[in-house]
Number of protein chains: 2
Amino acid sequence: MTVYTPAEAVEETGFSLDTLRYYEKIGLLERVTRNASGQRRFTQDDIGWLGMLRCLRDTGMPIATMLRFAELVRAGDHTIPDRIKLLEEHDRQVQAQIANLAERQRYIHNKISYYRSVM
Amino acid sequence: MTVYTPAEAVEETGFSLDTLRYYEKIGLLERVTRNASGQRRFTQDDIGWLGMLRCLRDTGMPIATMLRFAELVRAGDHTIPDRIKLLEEHDRQVQAQIANLAERQRYIHNKISYYRSVM
DNA sequence: TTCCCACCTGGAGCACACTCCAGGTCAACC
DNA sequence: GGTTGACCTGGAGTGTGCTCCAGGTGGGAA
């Protein structure tokens, strides 16, 4: 069973150590096990869960919503339908973000073309 | 020449009145003309510029960068090449955002499929 | 004339998501 | 034995981008 030191978890997840501690403190991450001298040892599962969090965070999910998702996960398999609902709702928001960005991008392209035309 | 009251500018731009005042205060918006009793009267140009700001803001440009762009615009036509550079750089970032969102979205889709498969 | 309402200003306060700090522990290397 | 470096904790501080507030003005409806 592989474990990760804090430095390795930072490397692996791209989160800063402070962020990892913060996520644990607010309950986004279940209490990470400690070794004999009190230092964190992250499991493969922790790293996997952090990958999920990174995905949700980077698609703009607020921490409060990630917390709700974390609670569903902790509550057990009977919450899978709720998790699906939550992710589907989030997926729609991601879709909307993409569409919105693409539309704004057209505006930017037009502006650039306009500037080119008046140079 | 059409002018807009504060309420109309809010309606037109989607920014709150506080945000419009804030943008003026920090120099994102040049000082808006006032009527005899000191109230703002937005011109068509103000509204158009605010449309540009909305586009930049909604595509994630930080205020500091919008300020640089605003200064270029104020400095006159000889800054058009610089404006193009700035917008092109921003365009690349928007492109990267879209690509990133699309990739994360695939992860979310996979997760949803996984959840569906274990229900 | 009295009320309300939209608006004004300067400045304080807030939500979010971290990020930093002080003071301490422990293991390992010199 | 001493020093270094990674890590610990609780709690304070920070940056961004607004948002709210107190106290005041001016114009129009009742």
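Observations, loosely collected:
- Residue closest to axis [chain B; rotation mapping onto A; Cβ; Å]: B:ILE98, 3
- Placing unit charges on the Cβ atoms only, positive for Lys and Arg and negative for Asp and Glu, gives the range A:3-117 a dipole magnitude near 480 debye about its Cα centre.
- For the range B:1-75, trypsin sites (Lys or Arg not before Pro) meeting the loop criterion (DSSP other than H, G, I, E, B) and having at most 10 other Cβ atoms within 10 Å: B:ARG31.
- In Å², nearest 10: area of A:HIS109 left accessible to a 1.4 Å probe: 70 Å²
- Between 0 and 90°, nearest 10: helix B:63-75 axis offset from chain B longest Cα axis: 40 degrees
- Cross-link pairs exceeding 30 Å in C-alpha to C-alpha distance, out of A:LYS111/B:LYS25; A:LYS85/A:LYS111; A:LYS25/A:LYS85; A:LYS25/B:LYS111, comprise A:LYS85/A:LYS111.
- Neighbour-limited loop hits for GluC sites (Glu not before Pro), the range A:1-64 (at most 15 other Cβ within 10 Å; DSSP other than H, G, I, E, B): A:GLU30
- Relative contact order of chain B: 20 percent, from C-alpha pairs under 8 Å at least 6 residues apart in sequence.
- For B:TYR115, the solvent-accessible surface computed with a 1.4 Å probe is close to 10 Å², ligands and nucleic acids excluded.
- Dipole magnitude for the protein assembly as shown: computed about the Cα centre from +1 point charges on Lys and Arg Cβ and -1 point charges on Asp and Glu Cβ, it is near 180 debye.
- With all protein chains modelled, accessible area of A:GLU88 [1.4 Å, Å²]: 50 Å²
- Sorted shortest first, the separations between the B:GLN93 label point and its copies elsewhere in the assembly read 2.2 nm; each point sits 7 Å from Cα along the Cα-to-Cβ line.
- In terms of its C-alpha gyration tensor, chain A has an oblate overall shape, because the principal axis ratio a/c (a ≥ b ≥ c, square roots of the eigenvalues) is not below 1.5 and a/b does not outweigh b/c.
- Carbon/sulfur fraction of accessible area - the range A:3-117, other protein chains in place, 1.4 Å, %: 49 percent
The values are calculated or read from the model by the stated rules, or taken from the named source; none is laboratory data. Predicted model, so just to flag it, every value in this text is computed and none were measured. Cβ sites come from the backbone with ideal geometry, for glycine too, and all protein chains shown count toward neighbours. Side chains included, ligands, DNA and RNA excluded: accessible areas come from the protein's heavy atoms. Shrake-Rupley method; radii C 1.70, N 1.55, O 1.52, S 1.80 Å.
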